[in-house]
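The values are calculated or read from the model by the stated rules, or taken from the named source; none is laboratory data. Computed from a prediction, not measured in an experiment: that's the story for all the values here. Here the Cβ positions follow ideal geometry from the backbone for every residue, glycine too, while neighbour counts run over all protein chains shown.
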Amino acid sequence: MKVLHASLECYPLAKVGGLGDVVGSLPKYLTDLDCITEVVIPFFDTEKINDLSYEEVYNGSLDLGKNTFDFSIKKVLSKDFGFQIYLVYQEELLYRPNVYSYEDDTERFLAFQLAVLNWLLSVETKPDIIHCHDHHTGLIPFLVSQVDKYNSLINIPTVLTIHNAQYQGQFSYDKLDYIPQFDLNNIGLLDWGHSINPLATGIKCAWRVTTVSPSYMDELHHQANGLEGLLSHEKAKCIGILNGIDHDIWNPETDPMVIKNYGAKNIISGRKANKKWLCQEFNFDIDKPLFAFIGRLVYEKGADLLPDMVSEALHHLDVNILILGSGDPIVESRLQELKEHFPGSYNTYIGYDEKLSHIIYAGADFLLMPSRVEPCGLNQMYALRYGLIPIVRRIGGLKDTVIDIDDNGFGICHDQVNIQDVYNSIKRGVELYNDQKQYRGIQKEIVKIDHSWNNSAKQYIELYESLKLPQ
């Protein structure tokens, strides 16, 4: 079986969030299960992509309204990724340093999707499945099933994975001419909320729809940024499959980014060495419990709570708090200002540093995830892999992966996104830390939890097999 993943992100070549991690990991595990797995992403103007060796395998053109754009498909020659990667090179629209946040993103995403399908028309051995990821590729199921030009692809099953339903890619009907000729009697497949909605279109037209955790699928029927009714209507073809993590990359025994490697047998000394480095780097007392936040400083992650939460905790508790992230400028500024008020107990790194994030996973005592929206969440899985105890809100994938210590589990959970709930959870963390026997016992157990892609990849194989048409 041959599966083609179409995505805007793929770690390590293009990553903004969890989407990149998934598309950079799942194909490796599918390949291990004898599934021929390929990924196609745009050729961005980044050092990692520009430095690749590749061969050009296709040249073509695509039409967006009255404009025609030339493009090429480049096959990456490196075998280091564990699966085959193809790149869509289009100079005017795609060859840019950033993945998102351009005024012409609608044109960029459409150009990518049209280029992929134009290329597939020429491919002798077509994929058995086209797996689309988020709204950026959400029009592909419509294009292959409704557009005359792509009629030869109509029998290729399409799967759409929703990584985050908050972002849907809507655009107005004055850009309808960007879409190649189709039967206008079926224009309703494009419509949601009186605009063309790529995510809604993908949900309507894909053969199967998946989300990145079972709980997130349940939640989308009640909170999906306007798509609740559609998802309820299409629930028969929807399934939640929990994301995994790449145990080859996220492995404290071999991780080249941490200060000292460790496994279950030497976890105490290994984590102490990493915590010592963090405390020296950020001026903390190593004997105090260290609470950390890693992620985007945005509303969905509950980051707007962080400044007041930090202040509340440090006024009443003898702890250290470290924030790593970037996002809302107001939140960033308030977090920076707090350093003047709590020297020696609080610090922050505004921005993102991959090495630092690994050291935090390997050295902090508790990870804070007060998310409002968390479709799956990978940070809590990384934390468990490294023996870092997660403090999470019961939502989405966090609910599926973290069990509270009071329920014979290994994490600390709360139900609401407010200062008091988060503060109470931090206070519980302090109490756990003060009971070093229980605290270390939990650390030794959580590093053994398997959140790799092994199980999830098998579920995807079963899904693909159920869709594959007989030859």
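Couple of notes before you dig in:
- Filtered residues of region 61-72 (kept if modelled with pLDDT of 95 or more, surrounded by fewer than 17 Cβ atoms within 10 Å (Cβ to Cβ) and small (Gly, Ala, Ser)): Ser61
- Unmet criterion (only one of (1) in a helix (DSSP H, G or I); (2) in contact (Cβ under 8 Å) with a residue 60 or more places away in the chain) for Pro127: (1)
- Near pairs, Cβ below 7 angstrom, 6+ apart or cross-chain, from region 75-87 (buried (at least 18 other Cβ atoms within 10 Å of the Cβ)) to any residue that is basic (Lys, Arg): Phe83/Lys28; Tyr86/Lys74; Tyr86/Lys75; Leu87/Lys74
- Filtered residues of region 113-137 (kept if closer than 19 Å to Ile203 by Cα and among the aromatic types (Phe, Trp, Tyr)): none
- Matching option when the condition is touching a helix residue (DSSP H, G or I) at 6+ places or on another chain (Cβ under 8 Å) and of a type in the set (A, V, I, L, M, F, W, C), among Leu94, Leu52, Leu77: Leu94
- Any hit, region 396-409, residues being surrounded by fewer than 16 Cβ atoms within 10 Å (Cβ to Cβ), within 22 Å of the chain's Cα centre (by Cα), farther than 21 Å from Gly17 by Cα and not polar (S, T, N, Q): yes
- Pick from region 248-261, criterion among the charged types (D, E, K, R) and in contact with a Ser or Thr (Cβ under 9 Å, 6 or more places away or on another chain), ranking: modelled with the highest pLDDT: Lys260
Residues are listed down the side, and each one gets a yes or a no for (1) closer than 24 Å to Pro27 by Cβ; (2) touching a Ser or Thr at 6+ places or on another chain (Cβ under 8 Å):
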site: Gln84; (1), (2): yes, yes
site: Glu103; (1), (2): no, no
site: Ala111; (1), (2): yes, no
site: His131; (1), (2): yes, yes
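- Of all residues making up region 5-25, the number that are closer than 22 Å to Leu139 by Cβ and in contact with a helix residue (DSSP H, G or I) (Cβ under 8 Å, 6 or more places away or on another chain): 7
- Test: residue in region 207-214 that is under 21 Å from Arg108 (Cβ atoms) and touching a residue at least 40 places away in the same chain (Cβ under 8 Å): no
- Flag for Phe44 being in contact (Cβ under 8 Å) with a residue 40 or more places away in the chain, touching a Phe, Trp or Tyr at 6+ places or on another chain (Cβ under 8 Å) and hydrophobic (A, V, I, L, M, F, W, C): yes
- Top-ranked residue of region 286-298 - restricted to ones that are modelled with pLDDT of 95 or more and in contact with a Lys or Arg (Cβ under 9 Å, 6 or more places away or on another chain), ranked as surrounded by the most Cβ atoms within 10 Å (Cβ to Cβ): Phe293
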